[in-house]
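Worksheet for the structure shown next.
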Amino acid sequence: MNERTLTPGVPERHGEHRRLWPGGDQILLRGLVPLGVLISMVAAIAAGGRPAQWVQLVVVALSLVATLRPDSSVATGALLGSAYVWTTAPQTLTPLLLVGAAGMLLTHVAALLAAQGPALVALDPAQARRWTGRAGLLLLAAATVWGLARLFDGQGGGRLVYAAGLIVLSAISGLMTWLLTRRTGERALSTSRGPA
C-alpha cells in the first residue's frame, strides 16, 4: 500500500480534495450586517450626532466581527453601539431617524438569517421572505409612531405621543396575531382533510 493513499485499499486518484466556501446568499447576508450599522451611524451623524471617533471605530469593529459570527452577542453590541451613536444626535424627530431605524433593522434581520445555520448552509427563501416581511411591518410601525410624534410635537403632550405609539403597536400586534392564528388554523384544516 502506498503511503499517500487516503483510504486503505483505495488508490489516491479516487480521493476527493475540495474547498467549501459559503454561498453567495450567506456572503450577501453577512455583508449586510456592517452595512446596516454604517447606514444607521451615517444617518445619526447627518442628524447632528457627534460621537467620539473611538466609539465609531468600536461599533464598526463589532459589526465586522458580527459578520463572521452573526450568532454571537457581538451583533447585539454593534446594534447597541449604533443606538448609542443616535443618542448623541440633537435632532430627535428628523426623518433621518427612520433611515437609522432601517439600518438597524437591516443589521438585525441579516444577522438573524445568517445565524440560522453554518455559513455553508443555503438560505431558506421562505425564511428570508418571512423575516423581510416582519421587518417591513416593524419599519411601518416605526414610521407611524414617528409621524404621530411629528404631528403632536409641540402640543405639550409627551405622554400623548407615547400613548398613541402604544396604541398603534398594540393594534399592529393584535392584527398580526389574528392573521397568524387564522393562517395556522387554515393550515391545520388543510392537513386534516388530506390530499385532494
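Observations on the structure shown:
- In Hz, Karplus ³J(HN,Hα) per residue of the range 81-90 (6.51, -1.76, 1.60; θ = phi - 60°; x = Gly, Pro): x, 5, 5, 4, 4, 5, 5, 8, 7, x
- Extension gain from Tyr84 to Gln53, taking 0.36 nm per residue of separation minus the Cα-Cα distance: 9.9 nm
- Summarising the label geometry, the points placed 7 Å from Cα in the beta-carbon direction at Asp25 and Thr177 lie 3.2 nm from one another.
- Per-residue SASA remark: Arg183, around 130 Å² accessible (1.4 Å probe; ligands, DNA and RNA not included).
- Val59, Val145, ranked by accessible area, largest first (probe 1.4 Å): Val145, Val59
- Residue-span extension gain [Thr92 to Ser73] - 0.36 nm each, minus C-alpha spacing: 4.1 nm
The values are calculated or read from the model by the stated rules, or taken from the named source; none is laboratory data. Since we're looking at a predicted model, the values are computed, not measured. Cβ: placed from backbone, ideal geometry, glycine included. Neighbour counts: every protein chain shown. Side chains included, ligands, DNA and RNA excluded: accessible areas come from the protein's heavy atoms. Shrake-Rupley method; radii C 1.70, N 1.55, O 1.52, S 1.80 Å.
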